[in-house]
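Read-outs throughout are calculated quantities, based only on the coordinates presented, and are distinct from any laboratory measurement. If you're wondering where the values come from, they're calculated on a predicted model, not measured in any experiment. Reconstructed Cβ throughout: ideal geometry from the backbone, glycine too, with neighbour counts over all protein chains shown.
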Amino acid sequence: MKGFVFCIVIAFSFLNFSCITNKDVVYLQDKGTVVNDSILVQELNKPYRVQVNDILRINVKALDEELVSIFNPVESGNNAGVGGQGQSSLYFNGFTVDLHGNIKFPILGEINVLGYTIKEIEEKVKTELLAKYFKPEAEVFVTVKLAGLRYTVTGEVNGTGVLTLYQDRVNIIEALANAGDIRQTGDRKDVLIIRQYPDGQKIHHIDLTDIAAMQSPYYYIQPNDMILVKPLKRKALGAGQTAIQNITTIASIFSVIVSTYFLTQNL
């Protein structure tokens, strides 16, 4: 009889342990980790610095459009996409940063852009054009953009894969929403961000259930980031996601225990 009672206690303990609660799935909860009521995220959003394998879209404008035609590739209708340039078109017609941090630009040749911000590259290209090709009165205007913010999402999300967003700034919650969001069985308290640096890759951790995540330097993702969502330990144990699922499991276990108990008593 003691063994029977012990099994029931264990079963209900398992029920309490295995349920996924709101604290596990709600984003940006106030856990008392932020002193002020308002959070300034902008201060931590540092300008992105270009890395190897980034693809840049560079557009040159001047009073005489014929003079700048050589710098602006013509897009075919089949490849046209967002802003007139599809992702595949940008791959072939954009300016890819090579292993030495250079891009090959018409007339100017190789320009080193590794570690530069977008604004710095605009100024650098404009300065080179005025020095070697245009006169000051040509009123040259240069715009540089990344060819989409490309990142990878894998693990406990509803849509894994390599994704691209055509935005200048994307926070990690937006990035995950674009991937179908984290499943109920995903660990929001320890999301991994694998980020590229000049000296290699580094793994960073962020707790998306804590509002303090908005103050993290990893709240805004960068091109080529890899976001990895681990499963909760409850999933590894095979537990249900809700109390109803767990009650069903416990009821099945309880039925087996009761049947076994009475069978042994009748022997």
What does the charge count around residue 109 come to, taking other residues whose C-beta lies under 11 Å from its C-beta (Lys +1, Arg +1, Asp -1, Glu -1)?
0
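Less than 10 Å Cβ to Cβ from residue 194, Lys/Arg counted +1 and Asp/Glu -1: what total charge do the surrounding residues give?
Net charge around residue 194: +1.
With +1 on the Cβ of every Lys and Arg and -1 on the Cβ of every Asp and Glu, and nothing else charged, how large is the dipole of the stretch 121-184 about its Cα centre, in debye rounded to the nearest 20? Working shown, then result.
Numbers: 8 positive and 9 negative charges, 36 e Å.
So the magnitude is around 180 debye.
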Could you work out how far the C-alpha centroid of the stretch 187-232 sits from that of the stretch 48-72, in angstrom?
32 Å
What lysines sit close enough to residue 132 to cross-link, taking a C-alpha to C-alpha distance under 17 Å and skipping anything fewer than 8 places away on the same chain?
61, 104, 124
